[in-house]
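Heads up: the structure comes next, in structure tokens.
FYI, it's all coordinate maths here, none of it is from the lab. Here the structure is a predicted model, which is why all the values come from computation and not from measurement. Reconstructed Cβ throughout: ideal geometry from the backbone, glycine too, with neighbour counts over all protein chains shown.
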Amino acid sequence: MAEGPFLMGAEMTVPDIILTHCEVWARTAKFPIAEPKLAAYLQRMQARPAFLRATARCASGKRAVGARDSAGRVSASARPPRCAGAA
């Protein structure tokens with residue numbers, strides 16, 4: 001990890017989103033996060049307002065506007081079969 005609050009330094013980039021998403025799957029699969037610096041980083045990322053909004057939307061069963069349904073059509077109300085980390 002670079003010096004700074006994000007993987008690449010001072011600004012959040014796509015790798016930050018990907019790693020945070022992977023951590024959700026890892027936690028669901030019960031993989032431990034043993035590295036303290038990584039664990040602290042992931043806690044910060046998951047405390048971000050955008051992450052909290054996305055996980056709340058996921059828990060409600062709603063997708064973002066423009067999501068595609070199972071037939072590939074753009075749908076404002078398509079429901080995902082399951083969200084990562086959802087119980």
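For residue 20, what charge total do you get from the other residues with a beta carbon under 12 Å from its beta carbon, if Lys and Arg give +1 and Asp and Glu give -1?
Local net charge: +1.
Using each residue's phi in region 24-30, evaluate 6.51 cos²θ - 1.76 cosθ + 1.60 at θ = phi - 60° and report the 3J(HN,Hα) Karplus result to the nearest Hz, with x for Gly and Pro.
4, 5, 4, 5, 4, 7, 6
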